[in-house]
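Engineer: Following this message is one structure expressed as structure tokens.
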Amino acid sequence: HSLVQFVGFNRLGLKNNKIIKPNTSYLEFNAIAKGYGIDLIGEFLESKGVDNYLVDIGAHLRVSGIKQERQ
């Protein structure tokens, strides 16, 4: 069997204001949370005038700045 049959938000439903899902599925928001967190930190740094930065949260990256030539 292909694992694709177990993936997708189309497998979820809503009943009595609660999310329902098949027992063969689980919800994973870890990558979304990391990406969102990185964006928030990057936007915060930029709002403080920081132009050169690297944000790393569990191998998810956001980078800004200009690479200087090696001497």
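The values are calculated or read from the model by the stated rules, or taken from the named source; none is laboratory data. Being a predicted model, the structure only gives us computed values, none of them experimental. All Cβ positions, even for glycine, are placed from backbone atoms using ideal geometry, and neighbour counts span all protein chains on display. Ligands, DNA and RNA are stripped out before the accessible areas are found, and what is left, the full protein with its side chains, is counted by its heavy atoms. Shrake-Rupley method; radii C 1.70, N 1.55, O 1.52, S 1.80 Å.
Engineer: Given the conditions (1) surrounded by 11 or more Cβ atoms within 10 Å (Cβ to Cβ); (2) modelled with pLDDT of 90 or more, report the number of the one that ASP51 does not fulfil.
Structural biologist: (1)
Engineer: May I ask you to list the residues in region 2-46 that are over 21 Å from the mean Cα position of the chain (by Cα) and open to solvent by less than 60 Å² (accessible area, probe 1.4 Å)?
Structural biologist: GLY13, PRO22
Engineer: While we're here: Pick from ILE32, ILE66: which is at pLDDT below 85, aliphatic (A, V, I, L, M) and outside any strand (DSSP E or B)?
Structural biologist: Of ILE32, ILE66, the one residue that is at pLDDT below 85, aliphatic (A, V, I, L, M) and outside any strand (DSSP E or B) is ILE32.
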